[in-house]
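These notes are about the structure you will find just below.
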C-alpha cells in the first residue's frame, strides 16, 4: 500500500463515485440500477494498491418520498458500508457542508424546490468541469458523478491535519 486516496460517493441510482489521489482524479464512475454491478465496482476500487478514505454524502428520507426510492437509497448506504466496513474509514458528510465548501450554497432563486434542486445540480456539474476540464466529456451532465467529485474534494480538505 502506498498512497492514500479519497473516494467520494454520491449514493443512489443516479449517483456516482470519484477516486482522487494526490489531487488528481483517477477514476470516475456512475452508479447503475444493477445493484450487483455497483457492489463489484466498489469492490474493484477497494482492491487497488493504496489505502482509502471513503467520503459519502449523508442522506435521509424526505416527506412525500416514495417507499421504493427510500429503500433504494437505504440500500446504497448499506452496500457502501458493507463493502468498506473494516477495510477503509468511511466518513459521512452533510450535503450542505460540501456544497458550502464549493460555494454552491447560494440562496434559492425560486420557491419551487424541484426547480431549485435542478439548478443546484447544474451548478455542481459546472463546478466539477471547472476543477477537472479533462474529464468534462465523461461528466457531461451527470450530476451524480459531478457531485461525487465535489464530495471527494471536500473530503480532502476535511481530512487535512
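The values are calculated or read from the model by the stated rules, or taken from the named source; none is laboratory data. As the structure is a computational prediction, the values presented were derived from the model and not from experiment. Note: ideal-geometry Cβ built from the backbone for every residue, glycine included; neighbour counts use all protein chains shown.
Some values worked out for this structure:
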| read-out | value |
| --- | --- |
| Filtered residue count, region 61-100, keeping only those that are exposed (fewer than 15 other Cβ atoms within 10 Å of the Cβ), in contact with a strand residue (DSSP E or B) (Cβ under 7 Å, 6 or more places away or on another chain) and in a loop (DSSP other than H, G, I, E, B) | 1 |
| Filter result for residue 22 (loosely packed, with under 15 Cβ neighbours inside 10 Å and either within 29 Å of residue 134 (Cβ to Cβ) or free of Cβ contacts under 8 Å to residues at least 24 places away in the same chain (or both)) | yes |
| Hits in region 33-55 (condition: loosely packed, with under 13 Cβ neighbours inside 10 Å and assigned to a loop (DSSP other than H, G, I, E, B)) | 33, 34, 47, 49, 50 |
| Matching residues in region 8-32 - criterion: being touching a helix residue (DSSP H, G or I) at 6+ places or on another chain (Cβ under 8 Å) and not in a strand (DSSP E or B) | 11, 12, 13, 14, 15, 23, 31, 32 |
| Positions within region 107-161 being without any contact (Cβ under 8 Å) to a residue 24 or more places away in the chain and either on the phi > 0 side of the Ramachandran plot or touching a strand residue (DSSP E or B) at 6+ places or on another chain (Cβ under 6 Å) (or both), in sequence order | 140 |
| Helices (runs of 4 or more DSSP H) wholly inside region 107-161 containing at least 3 residues that are surrounded by 18 or more Cβ atoms within 10 Å (Cβ to Cβ) | 113-131, 143-159 |
| Filter result for residue 104 (part of a loop (DSSP other than H, G, I, E, B), modelled with pLDDT under 95, surrounded by 12 or more Cβ atoms within 10 Å (Cβ to Cβ) and under 16 Å from the mean Cα position of the chain (by Cα)) | yes |
